[in-house]
Amino acid sequence: MTTTKSTAAKSAILALVAGTLLASGTALAQGSGPKPKSAEEAAGQQVFHQCAACHSLDSSKNAFGPSLYNVVGRKAGSIPRFDYSDALKASNITWTENNLRQWIAGNDKFVPGTRMRHVAITDRAEQDYLIAFLKTLKQ
């Protein structure tokens, strides 16, 4: 994400948006995941909209990319009904918070040869928010 705003300003804006969403109880979109329980999760749900064009939050559906339901703690390339790149299947990565952060910041650098279109989120606060939201996507 390229912007002229400082990291602190972006973090403050995300926190304000998240707080407003939590206070109003407004759902971002039907089927866009569980209702956030914290401002960080709500902000992450907002950041997730960058991912939603390709990734489903429905555990029974893949989109252009695999479902991200239960992604935290899952072995990369492990959903049987998705055709992952050979690079990702061979990576032997488990999606820990640290590995997710590296992927989010630069997936093509973290796993060279992946087929996922590179969409870097380099702002640490936005990464934190997105990871907090992804952690809510579990059974």
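The values are calculated or read from the model by the stated rules, or taken from the named source; none is laboratory data. Nothing here was measured: the structure is a model prediction, and the numbers come from that model. Here Cβ is always computed from backbone atoms with ideal geometry, including for glycine, and neighbour counts include all displayed protein chains. Ligands, DNA and RNA are excluded from the accessible area calculation, which covers all protein heavy atoms including side chains. Shrake-Rupley method; radii C 1.70, N 1.55, O 1.52, S 1.80 Å.
Some observations on this one:
- From most to least packed by mean Cβ count within 10 Å, the peptides 44-51, 99-106 give 44-51, 99-106.
- Alpha carbon centroid spacing (whole Å) that separates the range 48-75 from the range 78-107: 12 Å
- For the range 84-139: Kirkwood Rh in Å [reciprocal of mean 1/r, alpha carbons]: 11.8 Å
- Förster radius 25 Å - calculated FRET efficiency between residue 108 and residue 61 (Cβ-Cβ, nearest 0.05): 0.50
- Between the amide H of residue 52 and any residue lying 5 or more places away or on another chain, no distance stays under 5 Å, with hydrogens modeled in the peptide plane.
- Sequence-distant residues sharing a close amide H with residue 94 (under 5 Å, placed H): 76
- Per residue, the range 47-139 exposes an accessible area of 52 Å² to a 1.4 Å probe, with every protein chain left in place.
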